[in-house]
1. Report, by residue number, each residue of the stretch B:42-70 that is in a strand (DSSP E or B), of a type outside the set (A, V, I, L, M, F, W, C) and within 14 Å of chain A (Cβ to nearest Cβ).
2. Pairs, please: C-beta under 9 Å, at least 6 apart or cross-chain, first residue more than 10 Å from chain B (Cβ to nearest Cβ) and part of a loop (DSSP other than H, G, I, E, B) and in the stretch A:41-69, second surrounded by fewer than 14 Cβ atoms within 10 Å (Cβ to Cβ) and of a type in the set (S, T, N, Q)?
3. Would you check which residues across the stretch B:71-99 are among the small types (Gly, Ala, Ser) and either more than 14 Å from chain A (Cβ to nearest Cβ) or surrounded by 16 or more Cβ atoms within 10 Å (Cβ to Cβ) (or both) and list them?
4. Name the residue, out of A:GLU30, A:GLU72, that is away from chain B (no Cβ under 14 Å) and surrounded by 14 or more Cβ atoms within 10 Å (Cβ to Cβ).
5. Taking the stated definitions as given, is A:THR5 in a strand (DSSP E or B), away from every other protein chain (no Cβ under 11 Å) and either aromatic (Phe, Trp, Tyr) or touching a residue at least 12 places away in the same chain (Cβ under 8 Å) (or both)?
6. For the stretch B:5-41, which residues satisfy the criterion of being facing chain A (nearest Cβ under 9 Å) and exposed (fewer than 13 other Cβ atoms within 10 Å of the Cβ)?
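We did not get these values from a lab; they are worked out from the coordinates using the rules stated. From a predicted model like this one, the values you see are computed outputs, not experimental measurements. Counting neighbours? That spans all protein chains shown, and the Cβs are built from the backbone with ideal geometry, glycine included.
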Amino acid sequence: NAGVTQTPKFQVLKTGQSMTLQCAQDMNHEYMSWYRQDPGMGLRLIHYSVGAGITDQGEVPNGYNVSRSTTEDFPLRLLSAAPSQTSVYFCASRGEDRLSSRTQYFGPGTRLLVL
Amino acid sequence: AQKVTQAQTEISVVEKEDVTLDCVYETRDTTYYLFWYKQPPSGELVFLIRRNSFDEQNEISGRYSWNFQKSTSSFNFTITASQVVDSAVYFCALSEANGGFKTIFGAGTRLFVKA
């Protein structure tokens, strides 16, 4: 299993540009989520999904869109990038059965710089 | 609303010292999970331990131990005989049933272990 994969690893954008951060998992996990990590702020939840076709907002959803058309993929879209979105983005997934005990496993992260 | 507080921003110790990382959480739910993750300088997030709200038994894994006390809403993490390789940022996290078990993180504690 590849686990949770994220692409790209690093991206530079200009203010106003749009882009999609890709996230995929091959563990058949129902739950997936996106976090951003900023210095001194820990990881803050952006959006999450409890299954294909179902998404919900986290703590800091503004400026981001998500969709979940398949179990495997959970892309994060920035429609009009702003310097405040400069951050490291982590995608995570977890199983919902008792064995997994709701432990999230994280991708390697995407470092985004918005100029 | 769920909240996780890690009051210690940075801790610096000398190798072989014991160190305790504090975690205090807030939740109105009776069913929840608590987690600790490690983020070494390489940046990935590594799962360390999970505890559910119905299991207050403390756990030891090698040099790591965890003290879960519902009476004080704390889930502290102790590293015994610290080593340079323990240098990392450590995150405490909470996932509660009310809200679909979405996981909220504390701000993290950066641990420096000096040789």
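1. B:ARG50, B:ARG51, B:ASN52, B:GLU59
2. Taking only residues 6 or more apart or on different chains, the pairs are A:ALA52/A:SER69; A:ALA52/A:THR70; A:GLY53/A:SER69; A:GLY63/A:SER80; A:GLY63/A:SER84.
3. If the condition is that a residue be among the small types (Gly, Ala, Ser) and either more than 14 Å from chain A (Cβ to nearest Cβ) or surrounded by 16 or more Cβ atoms within 10 Å (Cβ to Cβ) (or both), then B:SER71, B:SER73, B:SER74, B:ALA81, B:SER82, B:SER87, B:ALA88, B:ALA93, B:SER95, B:GLY99 are the ones that fit.
4. Result: A:GLU72 is the single residue among A:GLU30, A:GLU72 that is away from chain B (no Cβ under 14 Å) and surrounded by 14 or more Cβ atoms within 10 Å (Cβ to Cβ).
5. Yes.
6. Residue satisfying the conditions is B:THR9 alone.
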